[in-house]
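In what follows, a single structure is set out as structure tokens and then discussed.
The values are calculated or read from the model by the stated rules, or taken from the named source; none is laboratory data. Since the model is a prediction, treat every value here as computed from it, not as a measurement. Here the Cβ positions follow ideal geometry from the backbone for every residue, glycine too, while neighbour counts run over all protein chains shown. The protein model used for the area step is the full one, side chains on, heavy atoms only, and it has no ligands, DNA or RNA in it. Shrake-Rupley method; radii C 1.70, N 1.55, O 1.52, S 1.80 Å.
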Amino acid sequence: MNEPERLQKVLARAGVGSRRAVETMIEAGRLKVNGQVARLGQRVDPSKDKVELDGSSVPVAVDLVHYLLHKPVGVVTTADDPEDRPTVLEVVDLERRVWPVGRLDIDTEGALILTNDGELTQALTHPSFKVEKTYLADMKGSVGNRALRLLATGVELDDGKTQPAAVRIVERVAGGTLVEITLTEGRNRQVRRMGDAVGHPVRRLVRVSIGPIGLGRLKPGSFRRLSPEEVMTLYRVTGL
Ligand code: URA
């Protein structure tokens, strides 16, 4: 348990706005503490009180961290690899204990969240929350309408038919087709298996976004802290 602190101080530290801006939010009735409209001068315990702004949780616990990593190819997502291959935790090399949210296979690169936020991890990985993940897949050959329709409506895989997906052709490339695929489920090597099933094996796969969080210009092997606004939007899409 932490010492109670003034709400405006806690929220300013969380990056929501200056203390003055937070006071204005309190006066406007936009903030709640544990479900009750906040009062000016109110003190909160950031380690246990739930703070909401406009109905969305605000990450106030001082020790919660959220990073976005551009996972490079050749790195495993597990914390400890029996084959001793490099892991994502070695790429970020943080002092604080964090873990990857979900998985990307060793050959796949792109957006991966690392955090010590257990609730958010649960929400992002639980199938019932259906958070959209978008991939850019370089698929071998010329992907035509039939294959595209199959990818979109559902492909029969050995662990069952895939859920409907949003798919579109981004461009034709040498010997292949760049296809954007948005999934709401995350089975093992799903995009690669979908590509195999429609006769267009995936040659390169990049996850470009997780819900509202896009990879942007982050280079492979680089990572950055998510902003409080980004964490709040993740809380919002997962209903936290
Ligand atoms: N689909 C894949 O094939 N691999 C991943 O890592 C994620 C989705």
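If one computes the Cα centroid of segment 199-240 and of segment 129-155, what distance in Å separates the two points?
Cα centroid to Cα centroid, the span is 18 Å.
Given the alpha-carbon gyration tensor of segment 132-210, what are the semi-axes of its equivalent ellipsoid in whole angstrom, ordered largest first, with each equal to the square root of 5 times an eigenvalue?
17, 14, 11
Using +1 on the beta carbon of Lys and Arg, -1 on that of Asp and Glu, and nothing else charged, what's the dipole of segment 132-210 about the Cα centre, debye to 20?
My answer is approximately 160 debye.
Between Leu40 and Arg217, with labels modelled 7 Å along Cα→Cβ, what's the label distance in nm to one decimal, could you check?
4.2
Go through Lys50/Lys219; Lys161/Lys219; Lys32/Lys133; Lys50/Lys133; Lys9/Lys32; Lys71/Lys133 and tell me which ones have a Cα-Cα distance over 23 Å in this structure.
In this structure, Lys50/Lys219; Lys161/Lys219; Lys32/Lys133; Lys50/Lys133 lie more than 23 Å apart at Cα.
If you take every residue apart from Arg207 with its C-beta less than 9 Å away from the C-beta of Arg207, what net charge results, scoring Lys and Arg +1 and Asp and Glu -1?
+1
What number, in percent, do you get for the relative contact order of segment 115-238 if the mean sequence gap of Cα pairs under 8 Å and at least 6 apart is divided by its residue count?
Contact order relative to length: 32 percent.
Tell me which of Leu205, Leu136, Val173 sits at the most positive position along the dipole axis of segment 132-210, charges placed on C-beta atoms (Lys, Arg +1; Asp, Glu -1).
Val173
Using the Cα centre of the chain as the reference point, and only Cβ charges (+1 on K/R, -1 on D/E), how large is the resulting charge dipole? Debye, rounded to the nearest 20.
720
Enter the accessible area per residue of segment 108-202 (Å², integer; probe 1.4 Å; all protein chains in place).
47
Dipole of segment 5-57, Cα-centred, from +1 at each Lys and Arg C-beta and -1 at each Asp and Glu C-beta, to the nearest 20 debye?
140
Mind checking which of Met139, Met194, Met25 has the largest fluctuation in a GNM of the chain, springs on alpha carbons under 10 Å?
Met25
R0 = 30 Å: FRET efficiency of Glu119 with Arg168, Cβ-based, nearest 0.05?
The pair Glu119/Arg168 has a calculated efficiency of 0.35.
For Glu27 and Asn188 in the same chain, what is the full-extension length gain: residue separation times 0.36 nm, less their Cα-Cα distance, in nm?
Full extension of this stretch gives 53.1 nm more.
Along the charge dipole of the chain, which of Leu104, Thr78, Ala28 sits closest to the positive end, that is, farthest toward it, with unit charges on the beta carbon of Lys, Arg, Asp and Glu (+1, +1, -1, -1)?
Checking the options against the dipole of the chain, the answer is Ala28.
Estimate the FRET efficiency between Arg96 and Asn145 by the formula 1/(1 + (r/R0)^6), using the beta-carbon distance for r and 51 Å for R0, to the nearest 0.05.
After rounding, the FRET efficiency stands at 0.55.
Could you work out how much longer the chain between Ala79 and Lys130 gets when fully extended? Use 0.36 nm per residue separation minus the Cα distance between them, nm to one decimal.
15.9 nm
May I ask you to give the percent of accessible area on the chain that is carbon plus sulfur, with a probe radius of 1.4 Å?
Answer for the chain: carbon and sulfur cover 48 percent of the accessible area.
With a/c under 1.5 counting as rounded, go ahead and sort segment 5-57 into rounded, prolate or oblate using the C-alpha gyration tensor (a ≥ b ≥ c being the square roots of the eigenvalues; past the cut-off, prolate if a/b is larger than b/c, else oblate).
Note, shape of segment 5-57 comes out rounded.
How high is the relative contact order of the chain, in percent, with contacts defined as C-alpha pairs under 8 Å that are six or more residues apart?
Relative contact order, the chain: 21 percent.
Picking from Val33, Val65, Val88, which is most flexible by a Gaussian network model of the chain using Cα springs under 10 Å?
Val33
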